1. Give, as residue ranges, the strands (runs of 3 or more DSSP E) completely inside the range 122-187 that count at least 3 residues that are of a type in the set (Asp, Glu) and over 22 Å from the mean Cα position of the chain (by Cα).
2. Report yes if Thr116 is hydroxyl-bearing (Ser, Thr, Tyr), farther than 16 Å from Thr37 by Cβ and either surrounded by 14 or more Cβ atoms within 10 Å (Cβ to Cβ) or in contact (Cβ under 8 Å) with a residue 40 or more places away in the chain (or both), otherwise no.
3. Identify the residue in the range 196-217 that is in a loop (DSSP other than H, G, I, E, B) and in contact with a strand residue (DSSP E or B) (Cβ under 6 Å, 6 or more places away or on another chain) and, among all such residues, is surrounded by the fewest Cβ atoms within 10 Å (Cβ to Cβ).
4. Looking at the range 161-176, which of its residues are over 29 Å from Lys135 (Cα atoms) and of a type in the set (Gly, Ala, Ser)?
5. Determine whether the range 169-190 contains at least one residue that is surrounded by 16 or more Cβ atoms within 10 Å (Cβ to Cβ), modelled with pLDDT of 95 or more, of a type in the set (Gly, Ala, Ser) and within 28 Å of Val29 (Cα to Cα).
6. Quick check on Pro122: is it surrounded by fewer than 15 Cβ atoms within 10 Å (Cβ to Cβ) and farther than 29 Å from Lys24 by Cβ?
7. Of a type outside the set (Asp, Glu), assigned by TED's automatic domain parsing to the domain that holds Gly187 and within 15 Å of Asn54 (Cβ to Cβ), is that true of Val127?
8. Would you pick out the residues in the range 32-79 that are at pLDDT below 90, over 19 Å from the mean Cα position of the chain (by Cα) and of a type in the set (Ser, Thr, Tyr)?
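The values are calculated or read from the model by the stated rules, or taken from the named source; none is laboratory data. Quantities reported herein were computed from a predicted structural model and do not represent experimental measurements. Counting neighbours? That spans all protein chains shown, and the Cβs are built from the backbone with ideal geometry, glycine included.
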Amino acid sequence: MKRLATLAVLFVAAGLGHAAAADKPVDYVCQDGTVFTIIFKGMDGSGDAVVKINGDTIPLANQRPASGMWYASPRHEFRGKGDDATWTIGRRAPTDCHAVPAKAEAKSPAGAWLLTEIGGKPSVATVKTRITIVKDGAVSGTGGCNRISTMAKIDGSTITFEPASATMMACPEPAMAQEQAFLKALGATKAWRREGGTLILLDAAGKSLASFAPVAK
């Protein structure tokens, strides 16, 4: 009985290890220059997937092929085997892609970023809210209407932003609403983390305030 109990504990521990590895993002680079992250749902890849590309989040359903990987939506398709894959949009020809080796955990939120989610909801596709964070803490960008600048204090995984300076332009909705929500999120930010290529700003309770995809400067 003692041996059976030990085996049961080991089995549960192994199951927890697989669960911890679930939903791991994988970055792909394609021959046409496309870069995206795909997040496979489920411990053994039996669930659906989500692709994050150019600030958009695209859900894909698992087509459950006999071998390899096949996920699709009415307009997008991802097929792969091992590190090789193809990515198709609409009626365009598939583009060949290859998985990028996992990078070491990011030690800084520095970089150029495009807002993809704010307050738990996707950002407005037609409103481009961008910020650039440099290693010395200088922050600049646009809230979606006005140019903004501020300073960030970064210490390990903690980050806080000083009140932002901004131009005084008036823009039609939904640009102004998203900009105000973004500035409010910066003021409430206490920490950051990276998931794959995504930067996430967190409040004091560890709740996600805003998410960003990396963009070329």
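1. Ranges flagged: none.
2. no
3. First pass over the range 196-217, keeping only residues in a loop (DSSP other than H, G, I, E, B): 196-197, 203-207, 215-217.
Keeping just the survivors that are in contact with a strand residue (DSSP E or B) (Cβ under 6 Å, 6 or more places away or on another chain) gives 196-197, 203, 215, 217.
Working: Gly196: 17, Gly197: 18, Asp203: 13, Val215: 15, Lys217: 7.
Of everything passing the filter in the range 196-217, Lys217 is surrounded by the fewest Cβ atoms within 10 Å (Cβ to Cβ).
4. The answer is Ala170, and nothing else.
5. Within the range 169-190, not a single residue is surrounded by 16 or more Cβ atoms within 10 Å (Cβ to Cβ), modelled with pLDDT of 95 or more, of a type in the set (Gly, Ala, Ser) and within 28 Å of Val29 (Cα to Cα).
6. no
7. On the way: of a type outside the set (Asp, Glu): yes; assigned by TED's automatic domain parsing to the domain that holds Gly187: yes; within 15 Å of Asn54 (Cβ to Cβ): yes.
In short, yes.
8. Ser46
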